[in-house]
C-alpha cells in the first residue's frame, strides 16, 4: 500500500498485482521472422485483398474496373515460414498458389487517409495465399464465406520481413512465382488496382489497424495448381525471395 499526500487530504493508493489464470496454457504468439537477426514480428491479424491486379481479375472471370476492394482474413497462425516442406492441405484436390506483397503494420490507425497510410507500415515481405480453389468455387456458387478455402492451417507462407528503413515503400518492381522452374505468375507492383496506401486506408475504414497486423495485397495473373512434390519459388524485386516444397497430404485427410 502506498500513501500519497496532496494538500490537506491523504489518499491511500493500493497497488494490486493481478496475474491472469487460464484454464490451459495459452498458445505461443504467432509471429514471422525479421531478416538479418533473431527478432520476430508478432502477428495480430491477417487481412487479404481480393483481385487487386486487373489481369488476375480477368482470369477469375471478373471485371477489373476500379470498384472498391474487398477483403477476407486468415488466422494469425496460418502464417508460416516460406521454406522447407509445406503440407498439402486436407479437403481439396485443387490447391492453388497466389504470390503477394505483404505489408507489416506497426502503427495504430482508424479511418486513415491514403496520404497518411504509409506512416503505419513497419516493413514488407513476400507471401503466398494458398487456396483450396475447389472449395472456394463451391462457396462462390452458394454465396457462402471463403473461410475453409482460404483460412486453413499453413495457408499463408511468408518470407522474412524487411523494415521500411532498408527497403522504403515499393510502388513498382517485379513480382513472380515459378513452379518446378517454370514461371507461372509474373507482374509488377505498379499494376495493382489499389496501391498499398489505398489498401491500408480501406482496411482502416472497417476496422482499427493495430501493431502486428499483416496485409496480403493481392496477386498477379497466372494462379495455378500445386501438387505434392512441387518446388515453389518466387519473390518481389527489392523485398525478398522464397523457396518451399509442397509435401504429402496426411493419410485420412485426402479429398474425396
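The values are calculated or read from the model by the stated rules, or taken from the named source; none is laboratory data. Just so you know, these numbers come straight off a predicted model, no measurement behind them. No Cβ is skipped: glycine too gets one built from the backbone with ideal geometry, and neighbour counts run over all protein chains shown.
Numbers below:
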{"read-out": "Qualifying residue in the range 193-209 (condition: at pLDDT 95 or above, part of a loop (DSSP other than H, G, I, E, B) and buried (at least 21 other Cβ atoms within 10 Å of the Cβ))", "value": "no"}
{"read-out": "Qualifying residue in the range 14-34 (condition: modelled with pLDDT of 95 or more, in contact with a helix residue (DSSP H, G or I) (Cβ under 6 Å, 6 or more places away or on another chain), surrounded by 14 or more Cβ atoms within 10 Å (Cβ to Cβ) and not in a loop (DSSP other than H, G, I, E, B))", "value": "no"}
{"read-out": "The range 66-86 - residue that is over 12 Å from residue 156 (Cα atoms) and surrounded by 15 or more Cβ atoms within 10 Å (Cβ to Cβ) and, of those, modelled with the lowest pLDDT", "value": "69"}
{"read-out": "Any hit, the range 182-189, residues being under 18 Å from the mean Cα position of the chain (by Cα), surrounded by 15 or more Cβ atoms within 10 Å (Cβ to Cβ), touching a residue at least 40 places away in the same chain (Cβ under 8 Å) and under 20 Å from residue 47 (Cα atoms)", "value": "yes"}
{"read-out": "Residue that is surrounded by fewer than 18 Cβ atoms within 10 Å (Cβ to Cβ), closer than 18 Å to residue 95 by Cβ and free of Cβ contacts under 8 Å to residues at least 60 places away in the same chain, where the choices are 224, 229", "value": "229"}
{"read-out": "Residue count for the range 210-221, restricted to those that are crowded, with 19+ Cβ neighbours inside 10 Å and closer than 24 Å to residue 96 by Cβ", "value": "7"}
{"read-out": "Inter-residue pairs, beta-carbon under 7 Å, first farther than 17 Å from residue 211 by Cα and in the range 27-52, second part of a strand (DSSP E or B) and at pLDDT below 95, 6+ apart", "value": "50/70; 52/192"}
{"read-out": "One residue from 240, 168 being out of contact with any strand residue (DSSP E or B) (no Cβ under 7 Å at 6 or more places or on another chain) and within 20 Å of residue 40 (Cα to Cα)", "value": "168"}
{"read-out": "From 122, 146, residue being under 27 Å from residue 186 (Cβ atoms) and touching a strand residue (DSSP E or B) at 6+ places or on another chain (Cβ under 8 Å)", "value": "146"}
{"read-out": "Enumeration of residues in the range 170-181 that are crowded, with 16+ Cβ neighbours inside 10 Å and either more than 18 Å from residue 54 (Cα to Cα) or without any contact (Cβ under 8 Å) to a residue 24 or more places away in the chain (or both)", "value": "170, 178, 179"}
